[in-house]
1. State whether one or more residues within region 179-197 are in a strand (DSSP E or B), touching a residue at least 12 places away in the same chain (Cβ under 8 Å) and open to solvent by less than 30 Å² (accessible area, probe 1.4 Å).
2. Could you tell me whether region 215-232 includes any residue that is part of a helix (DSSP H, G or I) and farther than 25 Å from GLY93 by Cα?
3. Step by step: first the residues of region 64-98, then only those that are outside any loop (DSSP other than H, G, I, E, B) and of a type in the set (S, T, N, Q), then the one that is surrounded by the fewest Cβ atoms within 10 Å (Cβ to Cβ). Which residue is that?
4. Which pairs turn up if I take residues in region 134-162 that are more than 18 Å from GLY119 (Cα to Cα) and look for partners that are of a type in the set (Asp, Glu) and loosely packed, with under 15 Cβ neighbours inside 10 Å with beta carbon separation below 8 Å, at least 6 apart in sequence or on another chain?
5. Out of all the residues in region 117-127, which are out of contact with any Asp or Glu (no Cβ under 9 Å at 6 or more places or on another chain), part of a helix (DSSP H, G or I) and in contact (Cβ under 8 Å) with a residue 24 or more places away in the chain?
6. Filtering region 99-116 down to residues that are hydrophobic (A, V, I, L, M, F, W, C) and not in a helix (DSSP H, G or I), which residue is modelled with the highest pLDDT?
7. Here's a check for you: in region 233-245, which residue that is touching a helix residue (DSSP H, G or I) at 6+ places or on another chain (Cβ under 8 Å) and open to solvent by 70 Å² or more (accessible area, probe 1.4 Å) is nearest to ARG66 (Cα to Cα)?
8. Determine, yes or no, whether GLY156 is farther than 15 Å from ILE205 by Cβ and outside any helix (DSSP H, G or I).
Amino acid sequence: MKEDMPTVISVKNLHKSFKLPTERAGGLKQAIFNRLKGIKGYKEQKVLNGINFDIKKNEFVGIVGRNGSGKSTLLKTLAKIYFPEKGSVEIDGTLIPFIELGVGFNPDLSGRENVYLNGALLGFSNKEMDAMYDEIVDFAELRPFMDQKLKNFSSGMQVRLAFSIAIRAKGDILLLDEVLAVGDAEFQKKCTDYFAAIKGNQTVILVTHDMGNVRNFCTRAILIEEGKVKLDSTPNKVADAYEKLWN
């Protein structure tokens, strides 16, 4: 990656934690008693503990780590679903997230209506979605079904539609969480073909447990462990370090 490319994502000293409830107070009187005694009804779980990295324009960056390491929380913070309690996230450009199936969809609306709903949530006007609609539907290969309610779609059909919206929405930065872990073999091949085509031409962040995808598509990778950046290096070095975690 050329050093003169502009920075499009800058993460500085990022911290995020969650309050997990422990036991119920069992009434107002007990809650007041617990408070006076300094007994908390929750415990704090620190998930991100000082994350730092920059991403340049057109980098294809893999984020890897074991379950519970903080990867998905990091992506949701980048997508502004979560907000940092300390540190900062600066993004230069339009960010399109594909994080969880069902986010931005209404099962009681048709496939067509959900395309426009999802587009509106991403900040696009109806006119802009009109221009994208045919391309979205053709990539998803769902044209005969678009006037049916989404709740009648199989999970694989919903994944295809959601992914097609994400990649055809013409965003500057594409944020993907385990997209290749779902869908049938044909859909997964379509994803890999698409990734091969955009490598080096669009900024992509991919969270994955598949080191083959890291090695094949990423120009750089970051290993997250216990909410910290353990290694930020080439795809092969990070993939090797990830695989050693299991040995």
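The values are calculated or read from the model by the stated rules, or taken from the named source; none is laboratory data. A quick note: this is a predicted structure, and the numbers were derived from the prediction, not measured. With ideal geometry, Cβ positions are generated from the backbone for all residues, glycine too; neighbour counts draw on all protein chains shown. Accessible surface areas use protein heavy atoms only, side chains included; no ligands, DNA or RNA. Shrake-Rupley method; radii C 1.70, N 1.55, O 1.52, S 1.80 Å.
1. No: zero hits.
2. yes
3. Here the residue is SER88.
4. Partner pairs satisfying both residue conditions: LYS151/ASP108; GLY156/ASP184.
5. The answer is ASN118, and nothing else.
6. Among them, the one singled out is LEU109.
7. Only one residue fits best here, namely GLU243.
8. When the stated conditions are applied, GLY156 does not pass them.
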